[in-house]
Amino acid sequence: MDYGTLRGLVALLILALFIIIVVWSYSKKRKSSFDDVANSIFEEDLALREQAAKENKARHLDINNKQETNNNV
């Protein structure tokens, strides 16, 4: 087996792997999984926003309690 034949076989192997990966990634079984992963960033962002809103509300309530205490003095 000479070097040219080996290069040809490696090229065919790489082409076959590429076709397998493309078929795997575009299969209907994987679509829902890929969609879930793609949309997960939005779910994380929403959770972070909700957490920040809760923290801001708690801070606001704490500030109001301190102001009421100061007004009663």
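The values are calculated or read from the model by the stated rules, or taken from the named source; none is laboratory data. Remember, it's a predicted structure, so these values are computed and weren't measured experimentally. Here the Cβ is made from the backbone with ideal geometry for all residues, glycine too, and neighbour counts use every protein chain on show.
Any residue at all in the range 10-27 that's under 20 Å from the mean Cα position of the chain (by Cα) and modelled with pLDDT under 80? No: the range 10-27 contains no residue that is under 20 Å from the mean Cα position of the chain (by Cα) and modelled with pLDDT under 80. Scanning the range 25-56 for residues that are of a type in the set (Phe, Trp, Tyr) and outside any helix (DSSP H, G or I) turns up just one, Tyr26.
Matching residues to (1) surrounded by 10 or more Cβ atoms within 10 Å (Cβ to Cβ); (2) among the basic types (Lys, Arg); (3) at pLDDT below 80:
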{"position": "Met1", "(1), (2), (3)": "no, no, no"}
{"position": "Leu6", "(1), (2), (3)": "yes, no, no"}
{"position": "Ala38", "(1), (2), (3)": "no, no, no"}
{"position": "Asn64", "(1), (2), (3)": "yes, no, yes"}
{"position": "Asn70", "(1), (2), (3)": "no, no, yes"}
